[in-house]
1. Restricting the range 205-233 to residues that are closer than 16 Å to Leu191 by Cβ and of a type in the set (Asp, Glu), which is nearest to the chain's Cα centre (by Cα)?
2. Criterion first (within 30 Å of Pro217 (Cβ to Cβ) and of a type in the set (D, E, K, R)) does Arg193 satisfy it?
3. Only one of Ala79, Ala129 is surrounded by fewer than 19 Cβ atoms within 10 Å (Cβ to Cβ), out of contact with any strand residue (DSSP E or B) (no Cβ under 9 Å at 6 or more places or on another chain) and of a type in the set (A, V, I, L, M, F, W, C). Can you tell me which?
4. Under 8 Å between Cβ atoms, at least 6 apart or on separate chains: pull out the pairs that start in the range 121-134 with a residue that is closer than 7 Å to Lys105 by Cα and end on any residue that is in a helix (DSSP H, G or I) and open to solvent by 30 Å² or more (accessible area, probe 1.4 Å).
5. Out of the residues in the range 14-53 meeting the condition of being among the hydrophobic types (A, V, I, L, M, F, W, C) and surrounded by fewer than 12 Cβ atoms within 10 Å (Cβ to Cβ), tell me which one is modelled with the highest pLDDT.
6. Say whether the condition of being under 20 Å from Asp187 (Cα atoms), open to solvent by less than 80 Å² (accessible area, probe 1.4 Å), of a type in the set (A, V, I, L, M) and touching a Ser or Thr at 6+ places or on another chain (Cβ under 9 Å) is met by at least one residue in the range 87-95.
7. Could you list, in sequence order, all residues of the range 4-14 that are in a helix (DSSP H, G or I) and within 20 Å of Glu212 (Cα to Cα)?
8. Any residue at all in the range 77-94 that's within 19 Å of Phe203 (Cα to Cα) and among the small types (Gly, Ala, Ser)?
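The values are calculated or read from the model by the stated rules, or taken from the named source; none is laboratory data. Quick caveat: nothing in here was measured; it's all calculated off a predicted structure. Quick reminder, even Gly has a Cβ in these numbers, built from the backbone with ideal geometry, and neighbours come from all protein chains shown. For accessibility, only protein heavy atoms count, side chains too; no ligands or nucleic acids. Shrake-Rupley method; radii C 1.70, N 1.55, O 1.52, S 1.80 Å.
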Amino acid sequence: MNDIATLTKDLDLARIPAHVAIIMDGNGRWARQRAMMRSEGHAEGVNSVNRITRFSSDLGIKYLTLYAFSTENWKRPQAEVDALMHLIGWTIRKETPDLVKNNVKIHLLGEIERLPESVRQDLEAGREATEHCTGLNLNICLSYSSRWELTNAARKLAEKVKRGELSPEDITEESIQAELSTADIPDPDLLIRTGGEERISNFLLWQCAYSELYFTPVLWPDFDNEAFVEALRSFQNRERRFGMTSDQVKANDNPHNTID
């Protein structure tokens, strides 16, 4: 396998995105193409999680957010849900020592209380074990959907208004942001979706307002470091304007320039 220096030779390491979010899609299709059970595809997908987490840490990415299990995924066949829950708990138990060794801190986003108790215990143990870590922040989204998150934020703000702690006219973007699961996390710079679909499927709708979107046909179990670098290369070839003109962006990049 190519080493990091070889893989990243044409990247500007000073412009690596601080926060990358990934919709990990394609495990089931990967398994079906190989006449395997869907659960085997999910198990293979764990290898990609480990690989991309290590690579992100090595690159100096500060936040990696993974869409591991959506609110809508509860609708899947019970056998598949049970297998996924078992896999999540087993993976956290197995990988926590390496996460600690690599200074990776776990954050849990979503309706964690909906998960089986044994899985919650494993996740909480992993979170506590990595709480002191100061490197990559690994945000694991479980039983998460953006509409759930926004509804929950609206409910919290409504309760504050009801208690007289907040006036409706004082509700701002900042006060909404403060009630989100990601309140202390910067918005993603880059959102990657594997598996060929080109939608964001109820994931970080508020947070991805100005994220760069990257869609790849590569199925998640096949998403390796080289494929990740291709996404980063695409990101670095884009101009992020945030509502400004190109001239304004260039002027901001060069403090000696002025705009008439």
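1. Out of the qualifying residues, it is Glu212.
2. For Arg193, the condition - within 30 Å of Pro217 (Cβ to Cβ) and of a type in the set (D, E, K, R) - is met.
3. Ala79
4. Thr130/Val100; Cys133/Val100
5. Among residues in the range 14-53 that are among the hydrophobic types (A, V, I, L, M, F, W, C) and surrounded by fewer than 12 Cβ atoms within 10 Å (Cβ to Cβ), the one modelled with the highest pLDDT is Ala35.
6. no
7. Leu13, Ala14
8. no
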